[in-house]
Amino acid sequence: MSEKLTYALYEFFEEDDIALYYLGDFSDKSLLALTDIIHNSDEKSGNFGSLKSKTIYLIIEAFQNIIRYSLNTSVNNFFMLRKIEHNIFISTANIISDERVIYLKDRIDDLNKMDSNALKNKYKEILVNKKFSEAGGAGLGLVEISRKTKQKIDYYFEKYHNEDDIFYILLKYIKNHDVKQTNVFDVKDFYNFFLANQVIVFFKHEFGEAINEAVIRVCEINYTTSSLRQKKLVYHLSVEILQNLSLHALEIDGKKEGVFYVTKVNGEFNINVGNYINNFDINDFNKFLKILKQSSKTDLDIMYRKQLVAEEFNGNGGLGFIDIAREATEFNYKFFEINDNYSFFTFSFKI
Amino acid sequence: MIEPLYITATQSFPEVVLNKQSSIFSIKGDILPEDSVEFFSPIFEWFNEYSKNPNDITVLEIDISIINTSSTRRLVKLFKILENLALNNHVEVKWIYLIDDEIMQFVAYEFDNAFKNLKFTTYAR
């Protein structure tokens, strides 16, 4: 991934308090890690406030949707969460069979025509008649989503193979109609972008210790590799770079925001971060990174050992970056000047 | 007699048991606190106090699967305390790592190299 893309992604999601996308696991472990992100966002800019329980409810329903209807294919299921001011958007994309398309289309179209009273009656009718499908829900989840969100369910089907389709669904809580919105076609574009670029996880938020922990757990679950060494390195260095972000990113308008995403191409993980940095700090930092870039593995090992036992006068003396430089197969960085005071710093490395 | 120090493990913190009476000194679990200074501070205080009247033999068991670099530096500080203690006492760091975990094995190797006056023994489990 180019450094320019990291900045472009950040710019694209700049208005989002939180933007999270991932391809992969939909087990209870992922669900718990995601809900932890919502809980831990409370003290941060992405304050969910009264939307917290509704957001968690929608995430659970989105997961249920994937688990109930997905065909077991090699294509990864896709999850998205965006919070833009007080609007929440949760979306999934997964492969389903043709017969499910007709069933889901009819059901969602029906629900989208109903007002709150009709939805209430529909809910009661399903419960009384107990017409639960083999998949387990008789569309009860969809009725509940319509009742709780008071929004039409946005969906789209795209032909995948002969008898299979990609099912995109977007669930929304809209409190403020005047701010930026998203629709199911945006979701489709992102899904295709993520697949094409083999992005496993994308996260834009205000970073902090509790959020980092939850993000790392989401990543850990989705970092599938047969090599223990690679898995540990990716995990360990993701922690390093996220902690660096939350400790050293420049705070703007009371927020230490940044972007973090991981791609996996031909078995190699590429970890990318971007955050604001004070222009005053760039010169020294740039010099330090240049030295790391020009150093051999042996030189980096020597530098690491020296720095490890050095007296603590200035934080960790860049120990985390030295560690990344010596373990990564490659690393790149760039500073994008925003104004006289600050720039956007992007950093990526491969494991 | 110095009071034992117990720290319960969390997602980011390891379990810490420092008990002079029962001669149990161990750190087990992941070490990933963002503020490693705060986490290690009571551990340093405990060992500084313990150093005034230590047991004849001190074996610190370290069994961790992941550590961030800021905590690695805190371990350096801890090992400096133990290195001083080792001048007049038997002190050993027993480093336990998961078999096949080259990374934690390498971290132990780095420490072993950095602290020539402190005995390091490694065990794969």
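The values are calculated or read from the model by the stated rules, or taken from the named source; none is laboratory data. Not measured: the values here are computed from a predicted model. For neighbour counting, all protein chains shown are included, and Cβ atoms are generated from backbone atoms with ideal geometry for every residue, glycine included. Accessible surface is based on the protein model in full, side chains and every heavy atom, while ligands, DNA and RNA are left aside. Shrake-Rupley method; radii C 1.70, N 1.55, O 1.52, S 1.80 Å.
Just a few scattered comments:
- Computed Kirkwood radius, in angstrom, where 1/r is averaged over Cα pairs of the stretch A:1-222: 18.1
- Share of pairwise Cα separations in the stretch A:227-351, more than 25 Å, in percent: 25
- Between the stretch B:25-66 and the stretch A:164-212, the alpha-carbon center distance in angstrom: 43
- Sparsely packed GluC sites (Glu not before Pro) within the stretch A:241-304, loop by DSSP, other Cβ within 10 Å at most 16: A:E251
- Taking the stretch B:5-124 as the region of interest, the number of lysine pairs whose Cα atoms are within less than 17 Å, with members eight or more places apart or on different chains, is 12.
- Using alpha-carbon coordinates, inclination of helix A:228-248 to the longest axis of chain A, degrees: 80
- Modelled FRET efficiency - R0 56 Å, A:I252 with B:D56, Cβ distances, 0.05 increments: 0.50
- Checking the cross-link pairs A:K204/A:K231; A:K152/A:K172; A:K150/A:K188; A:K105/A:K159; A:K232/A:K350 against a 20 Å limit on the alpha carbon distance flags A:K204/A:K231; A:K150/A:K188 as lying beyond it.
- Solvent exposure of B:L82, expressed as accessible area, is near 0 Å², computed with a probe of 1.4 Å over the protein chains only.
- Probe 1.4 Å, all protein chains present, accessible-area order of B:K80, B:K116, A:K290, largest first: B:K116, A:K290, B:K80
- Over chain A: helical MRE at 222 nm, DSSP H runs n ≥ 4 each giving -39500 (n - 2.57), nearest 500: -15500 deg cm²/dmol
- Ranking B:I99, B:I7 from most to least accessible surface, computed with a 1.4 Å probe over the protein chains only, gives B:I99, B:I7.
- Which of A:F167, A:Y21, A:I153, positive extreme of dipole for the stretch A:1-222 (C-beta unit charges): A:I153
- Ratio Rg/Rh [Cα only; Rh per Kirkwood] for the stretch A:146-209: 1.04
- Chain A: most fluctuating residue of A:G254, A:G318, A:G49 per GNM, C-alpha cutoff 10 Å: A:G254
- With each label modelled as a point 7 angstrom along the Cα→C-beta vector, the A:N192-A:N341 pair spans 4.0 nm.
- Span-rule helices in chain B, defined as complete DSSP H runs reaching 20 Å or more along the axis (Cα) with Kyte mean at least -0.5: B:36-52, B:69-85
- Most fluctuating residue given options A:A310, A:A325, A:A214, as computed from a GNM of chain A linking Cα atoms under 10 Å: A:A310
- C-alpha long axis of helix A:279-294 to longest principal axis of chain A, angle in °: 80
- Using R0 = 35 Å, the C-beta based FRET efficiency linking B:S23 and B:L98 works out to 0.90.
- Against the main long axis of the alpha-carbon atoms of chain A, helix A:28-40 sits at an angle near 70°.
- Inter-chain Cβ neighbour average for residues B:64-74, partner chain, 10 Å: 6
- Based on alpha-carbon atoms, the Kirkwood radius and the radius of gyration of the protein assembly as shown give Rg/Rh equal to 1.04.
- From the C-alpha gyration tensor of the stretch B:5-124, square roots of 5λ in Å: 20, 17, 13
- Accessible area per residue (1.4 Å probe, heavy atoms of protein chains only) ranks A:R100, B:R73, A:R229 as A:R229, A:R100, B:R73, with the largest value leading.
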